[in-house]
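Student: Please find one structure pasted underneath; my questions will follow.
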Amino acid sequence: MKGRHAKRHTAEIIAPLSYGSLEAHRNEPWRRRSADYESAKNRITKALLDFVELHRPGFADLVEYSELATPLTFEHFTAAPSGTIYGYPATPERYGKEWLGPRTPIQNLYLTGSDAALLGIMGALMGGVLTASLLLGSFGFLEIMRAARSRS
């Protein structure tokens, strides 16, 4: 969190973008993709900023710099297939998978984060709680909630 006397602040806009919409540029090198790709990124950036401006008038006047990361960006840096930075896609089939959760077939290897629960930051947080609860035993979740309550 920035200090109360900070003169500059940052904001993030997180929005879904299909991999297929930019997949044609997949084999172009990072930071040297075609003008078509850059044009698409600029249109998307403008649309996102316009959307926020619509709901928070004056926001656009505060923007000095903007940068857009696409699924191709995430694929490049994280090797996440199709840029799926939140792991396995959130489809109805995902939640029917037996392996979704902290347990794995490998002894003493557990998953946590969004692969153990739900997508997003809160999903990752709850994945950590779920895994810790499992490791703490039968009343692990209650122990975690009691500890959290005693610190609030």
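Student: Which pairs turn up if I take residues in the stretch 6-19 that are on the phi < 0 side of the Ramachandran plot and look for partners that are surrounded by 10 or more Cβ atoms within 10 Å (Cβ to Cβ) and in a loop (DSSP other than H, G, I, E, B) with beta carbon separation below 8 Å, at least 6 apart in sequence or on another chain?
Tutor: These pairs meet every condition: Leu17/Thr70; Tyr19/Thr84.
Student: For the stretch 100-126, how many residues meet the condition of being part of a loop (DSSP other than H, G, I, E, B) and among the aromatic types (Phe, Trp, Tyr)? Before the answer, list the steps.
Tutor: At the first step, the residues of the stretch 100-126 found to be part of a loop (DSSP other than H, G, I, E, B) are 100-102, 104-109, 111-112, 116-119.
Filter once more, so that each one left must be among the aromatic types (Phe, Trp, Tyr): none.
Total satisfying the criteria: 0.
Student: Give the number of residues within the stretch 20-51 that are touching a Phe, Trp or Tyr at 6+ places or on another chain (Cβ under 8 Å) and either polar (S, T, N, Q) or without any contact (Cβ under 8 Å) to a residue 40 or more places away in the chain (or both).
Tutor: Of the residues in that region, 2 qualify.
Student: Moving to a separate point now. Working carefully through the options Gly137, Gly120, Gly113, find the one that is within 16 Å of Ile85 (Cβ to Cβ) and either surrounded by fewer than 15 Cβ atoms within 10 Å (Cβ to Cβ) or in contact (Cβ under 8 Å) with a residue 60 or more places away in the chain (or both).
Tutor: On the way: Gly137 fails: within 16 Å of Ile85 (Cβ to Cβ); Gly113 fails: either surrounded by fewer than 15 Cβ atoms within 10 Å (Cβ to Cβ) or in contact (Cβ under 8 Å) with a residue 60 or more places away in the chain (or both).
One residue alone meets the criteria, Gly120.
Student: Within the stretch 64-88, track down each residue that is surrounded by 10 or more Cβ atoms within 10 Å (Cβ to Cβ), closer than 16 Å to Ala15 by Cβ and of a type outside the set (Ser, Thr, Tyr).
Tutor: Listed by number, the residues that qualify are Leu68, Ala69, Pro71, Leu72, Phe74, Gly83, Ile85.
Student: Quick one: which of Pro71, Pro102, Pro81, Pro57 is in the same structural domain as Gly20 (by TED's automatic domain parsing) and either in contact (Cβ under 8 Å) with a residue 60 or more places away in the chain or farther than 30 Å from Arg26 by Cα (or both)?
Tutor: Pro57 is the lone residue from the list that is in the same structural domain as Gly20 (by TED's automatic domain parsing) and either in contact (Cβ under 8 Å) with a residue 60 or more places away in the chain or farther than 30 Å from Arg26 by Cα (or both).
Student: For the stretch 1-52, name all the residues that are touching a Leu at 6+ places or on another chain (Cβ under 9 Å), closer than 19 Å to Ser66 by Cα and of a type in the set (Lys, Arg).
Tutor: Hits for the stretch 1-52 are Arg33, Lys41.
Student: Further question on the same structure: Hey, among Thr91, Thr73, which residue is in a helix (DSSP H, G or I), out of contact with any Asp or Glu (no Cβ under 8 Å at 6 or more places or on another chain) and of a type in the set (Val, Ile, Thr)?
Tutor: Being in a helix (DSSP H, G or I), out of contact with any Asp or Glu (no Cβ under 8 Å at 6 or more places or on another chain) and of a type in the set (Val, Ile, Thr) holds for just one of Thr91, Thr73, which is Thr73.
The values are calculated or read from the model by the stated rules, or taken from the named source; none is laboratory data. This structure is a prediction, so every number in the text was calculated from the model and none was measured. All Cβ positions, even for glycine, are placed from backbone atoms using ideal geometry, and neighbour counts span all protein chains on display.
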